[in-house]
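Student: Below you'll find the structure I mean.
Where a number appears in this text, it was derived from the coordinates with a stated rule and is not lab data. Keep in mind that this is a model prediction, so the values were computed, not measured. We place every Cβ from the backbone using ideal geometry, glycine too, and count neighbours over all the protein chains shown.
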Amino acid sequence: MIPYNAPIDDMRFTLNHVVGLPAVAQLPGYEAADADLVDAVLEEAGKLARDVLAPINWQGDRDGAVLENGVVRTAPGFKEAYKAYAEGGWNSVPFDPDHGGQGLPWTLAMPIQEMWNAANMSFALCPMLNQGAVELLSEHGSEEQKGKYLEKMISGEWTGTMNLTEPQAGSDVGAVRTRAVPQGDGTYRITGQKIFITYGEHDLTPNIIHMVLARTPDAPAGVKGISLFIVPKFLVDEDGGIGERNDLRCAGLEHKMGIHASPTAVMAFGDNGGAVGFLIGEENRGLEYMFTMMNNARLGVGVQGVGIAERAYQQAVAYARTRTQSRALDGRNPEPVAIINHPDIRRMLMTAKSQIEAARALTYTTAAAFDRAKRSTDAEERKRARALNDLLTPITKAWCTDLGVEVASLGVQVHGGMGFIEETGAAQHYRDARIAPIYEGTNGIQANDLVFRKVVRDGGQSAFALMAEMTTVALAAKEGPGDDLEVIGANLHDALHVLEQTTNWLLEAAKTDVRAAAAGAVPYLRMFGITVGGWLMAKAAMAAQAQMAQRGADTRFLDGKLITARFYADQILPQVQGLMKPIVAGHRTVMALAEDQF
């Protein structure tokens, strides 16, 4: 497996010229995020990813995490890497300074998290779940709970988890059976089992703070009867120190297709009478609170897709540059050439590169909307930003993770037969990437969320508002200098026309045949993702074109940005037209077969 080098130039360009980080840095509380600090953060994060996290990735996949006598041992090097990560202050980047955070924008946190996931996805899962737990407690915890847990979780001294899934429930959270019985002293006794708990048990930190969904005895059925509890591995003393062990344990580790170094635990609560839990907020509002953590995690998972795609792409490029095979098609050189000279290899590499850059811009854009929704001083701007963040979150999670799998698969293909051999490392990227479309709500669930909760619910208002903004960019690109911008703008405009037509069809279909709308949800999300990607690539192309005329410009880098955006417009955006018919007509056969005909 080749070394990982963070694509800092592209990250910086995307932050400054596509997403608008300088404007985000003007929001109250974010003023410290000036250009010098951003550059320093990206450079130092890149070093940690390259020198500490990436070197232990392959061995972590080989050795994995191990459960021994009730204790989970992480893979060799992980404890030392986590110590370096926490001591470097990386866990605290986007959090409230009142609890030890650095108070920097989530927009800046996204490229950092991309680096962790690209370097070592198994490692990065632990901080990702912890950051979601921190966000949850920051939004919904009591002042006492914040004072007891947040500082240590923000510093990384302790980590947090999300405990939703149960064997009989899967993604149907309303079927949760874990019980929480009030004790009359403000505590609850938690009994039950949770599965698929990422870093539910490990040896990286002395305490783990579990966020657990459970039902109280008199709770109504379904999702309206779920409450949320803090259930620490070790109870916390009044002075903030670690007390006695709580009644919970890791009952087993899952044997997975990938992310072997990430311990995915089966957690048992209450073997000896019940684990002590502390209610967050009010009873029966647990799922509402948990969505704060889930939406944070969905953005984090989208970034995972980008990170693993970037790692697979870097490895594929390195292999294509060094692997010689067959003569060049132009016949000028009788000797075998590096396979990067062959058109089909170029097609695969450009397909990966262009979509990675689009997906990267999407994850950063979603985070920027989150920052504006939290910090803007203008109420209307906060409202618009919140609507945009809500709309883009399921697209970010699903489209970016699907791309992670597709690009990792292309990476294997570029390697040819050697890609199927574990020693090259290409197969690990594919195996690791495959989980991301499944967890934090499968991508089918994300597609239904987009269609029914984000588009149909408000009559398409948020979707059409974004389309109007994207149309402005398309028209500006069409009028820009040069053939490249004209084609980029025209193809984006065509895609937007199809997206608008399809959205109108879905709005009508949802009124009369909800199954027809649901049957087209996944291709609709893909259509939306491709179009949003085209919008962001058009913005990148216009920025690159404008910078080329400036003195001292890196014309080679900027020319690459323009060519990549043109490839996206030529090769990726036209796929939108092909997705329309399966949505508006193909739904008829989705449900046509009887069960016994399968």
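Student: Fewest Cβ neighbours within 10 Å first, please rank Lys233, Lys581, Lys79 accordingly. Please list the in-between numbers first.
Tutor: On the way: Lys233 24, Lys581 11, Lys79 15.
Listed from fewest to most nearby Cβ atoms, that is Lys581, Lys79, Lys233.
Student: Let me ask something else about it. Which loop-located GluC sites (Glu not before Pro) does region 343-445 contain, where loop means any DSSP state but H, G, I, E or B and the Cβ has at most 13 other Cβ atoms within 10 Å?
Tutor: none
Student: Restricting to the chain, compute how many DSSP beta bridges are antiparallel as a %, nearest 5. Don't skip to the end; give the middle numbers.
Tutor: Details: 32 of 38 bridges.
Just about 85 percent of them are antiparallel.
Student: What angle do you read, to the nearest 10 degrees and between 0 and 90, between the alpha-carbon axis of helix 35-48 and the longest principal axis of the chain?
Tutor: Roughly 70 degrees between the two axes.
Student: Using only the alpha-carbon atoms of region 159-286, report the extent along each of the three principal axes, biggest first, to the nearest angstrom.
Tutor: Result, largest extent first: 40, 39, 24 Å.
Student: Continuing with this model, one more query. Using the count of nearby Cβ atoms within 10 Å as a rough guide to exposure, how do Val303, Val173 rank from fewest to most?
Tutor: Taking fewest neighbouring Cβ atoms as first place, the list is Val173, Val303.
Student: Could you line up Ser122, Ser376, Ser326 from fewest to most neighbouring Cβ atoms inside 10 Å?
Tutor: With the sparsest Cβ surroundings first, the list reads Ser326, Ser376, Ser122.
Student: Under the definition of Cα pairs under 8 Å and six or more residues apart, what whole-number percent is the relative contact order of region 159-286?
Tutor: It rounds to 31 percent for region 159-286.
Student: Taking the Cα centre as origin and putting +1 on Lys and Arg beta-carbons and -1 on Asp and Glu beta-carbons, what dipole magnitude results for the chain, to the nearest 20 debye?
Tutor: I would put it at about 1280 debye.
Student: Follow-up. Take the alpha carbon atoms of region 178-255, find their center, do the same for region 1-64, and report the distance between the two centers in whole angstrom.
Tutor: Answer, in whole Å: 34.
Student: Can I ask one more? Measure up Lys256/Lys581; Lys148/Lys397; Lys79/Lys148; Lys83/Lys233 against 26 Å on the Cα-Cα distance and list the ones that go over.
Tutor: In this structure, Lys256/Lys581; Lys148/Lys397 lie more than 26 Å apart at Cα.
Student: Please work out whether region 452-590 counts as rounded, prolate or oblate from its C-alpha gyration tensor, where a ≥ b ≥ c are the square roots of the eigenvalues and a/c under 1.5 means rounded, while otherwise a/b larger than b/c means prolate and anything else oblate?
Tutor: It comes out prolate by the Cα gyration axes.
Student: With everything on Cα atoms, drop me the angle between helix 121-140 and the longest principal axis of the chain, reported from 0 to 90° to the nearest 10.
Tutor: 60
Student: Under 37 °C and 0.692 mPa s, how fast does the chain diffuse according to Stokes-Einstein, given a Kirkwood radius computed over C-alpha pairs? Answer in µm²/s, whole number.
Tutor: The diffusion coefficient I find is 131 µm²/s.
Student: Please state the relative contact order of the chain as a whole percent: Cα pairs under 8 Å, 6+ residues apart?
Tutor: In percent, rounded to a whole number, it is 13.
Student: At what distance in angstrom do the alpha carbon centres of region 65-135 and region 557-598 lie from each other?
Tutor: 35
Student: Next question. Based on the Cα coordinates of region 95-221, what is the per residue volume of their convex hull in Å³?
Tutor: 136
Student: Hey, got a sec? Which trypsin sites (Lys or Arg not before Pro) in region 498-585 land in a DSSP loop and have at most 13 other Cβ atoms within 10 Å?
Tutor: Qualifying residues, ordered by number: Arg551.
Student: Using only helices, what value at 222 nm comes out for the chain when you add -39,500 (n - 2.57) per DSSP H run of length 4 or more and divide by the total residues, to the nearest 500 deg cm²/dmol?
Tutor: Value at 222 nm, helices only, nearest 500: -17000 deg cm²/dmol.
Student: Counting each pair of different Cα atoms once, what's the Kirkwood radius of region 8-155 in Å, rounded to one decimal?
Tutor: Kirkwood radius, region 8-155: 16.5 Å.
Student: In degrees between 0 and 90, to the nearest 10, how far off the longest principal axis of the chain does helix 379-415 point, with axes built from Cα atoms?
Tutor: 70
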